[in-house]
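The values are calculated or read from the model by the stated rules, or taken from the named source; none is laboratory data. Source: prediction; values computed, not measured. Counting neighbours? That spans all protein chains shown, and the Cβs are built from the backbone with ideal geometry, glycine included.
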Amino acid sequence: MRYGGASPTRKRLPRAIRPNQERSFSVPLPPTNPSAVFLNIPYGEEFRELYLAYIAGLYLLGLEPMITSGISGGERRLDWILALIQSCRYSVHDLSRVELSVTAPATPRFNMPLELGLTITWAKLHPKRHTWYLLESAPRRLQKSMSDLDGTDPYIHSGNVQGVLSELRNAFVHRNAPTVQEMMASYRIVEASTGRIHVGAGTRNVYSASVFRELCFVALDAAHPAKDAAEQ
């Protein structure tokens with residue numbers, strides 16, 4: 001039965017909240033440092049030499065390493081790590097320490113795969129803004145430890161300083177790149193400075209923010225003579 005009178009009118013929803021319609025937001029992307037390299041590595045005494053090699057090698061290649069040292073813990077730590085990844089044009093992920101820790105309770109390191117996952121997502125969304133590289137110490141181990149990355153060829157550094165320097169040179173190929181011998185000389189300068197830096201910083205933690213900063217200053221100074229010689 002139909003009642004007389006004017007039929008009710010359907011209220012038109014405002015355009016911004018009409019159902020089944022995606023909103024379009026324009027969110028500015030964070031600035032990217034074109035020479036910055038996010039360094040995703042294990043923080044442990046057994047990795048100390050390779051850590052120093054990464055710092056020395058990257059500066060010789062005209063790049064600037066960045067680590068999560070100095071980022072406080074808590075709810076926002078992951079946000080700060082993601083922001084650091086987004087600010088870097090490149091990232092290096094060393095998955096060579098996938099074994100269980102020697103201290104009880106024996107546990108694997110999950111921070112590095114987590115940060116690799118964040119990086120891959122960012123690079124997939126913005127491929128022109130970020131390039132990532134994977135390094136390992138043992139060939140074919142990646143197929144077992146992270147089978148989802150099958151098809152990705154890691155750079156194998158064999159767990160030694162010269163291997164790290166050589167594979168950095170292979171990853172970041174450019175004209176007038178320093179030789180591995182020049183990179184080793186820079187590494188020795190950085191390594192020799194650690195004692196003095198530890199005393200000045202008042203800590204034996206080579207991964208602390210203040211020690212890392214001082215190591216970067218030494219590596220940058222050591223890089224200039226080698227780069228000048230390579231360009232002559």
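Quick notes on this one:
- Taking (1) among the basic types (Lys, Arg); (2) touching a helix residue (DSSP H, G or I) at 6+ places or on another chain (Cβ under 9 Å); (3) assigned to a helix (DSSP H, G or I) in turn, Arg204 satisfies each apart from (3).
- Sole residue being closer than 15 Å to Leu63 by Cβ and either among the aliphatic types (A, V, I, L, M) or at pLDDT below 95 (or both), chosen from Val180, Val98, Val92: Val92
- Subset of segment 123-159 that is over 19 Å from the mean Cα position of the chain (by Cα) and on the phi > 0 side of the Ramachandran plot - its residue that is surrounded by the most Cβ atoms within 10 Å (Cβ to Cβ): Ser158
- Complete set of residues in segment 114-166 that are assigned to a loop (DSSP other than H, G, I, E, B) and under 21 Å from Gln86 (Cα atoms): His126, Pro127, Lys128, Arg129, His130
- Test: Ala185 is part of a helix (DSSP H, G or I), within 16 Å of Ile55 (Cβ to Cβ) and not charged (D, E, K, R): yes
- Condition met for Leu63 (surrounded by fewer than 18 Cβ atoms within 10 Å (Cβ to Cβ), modelled with pLDDT of 90 or more and either hydrophobic (A, V, I, L, M, F, W, C) or under 19 Å from Thr194 (Cα atoms) (or both)): no
- Candidates are the residues of segment 1-44 that are at pLDDT 90 or above and not in a loop (DSSP other than H, G, I, E, B); the one that is surrounded by the fewest Cβ atoms within 10 Å (Cβ to Cβ) is Pro34.
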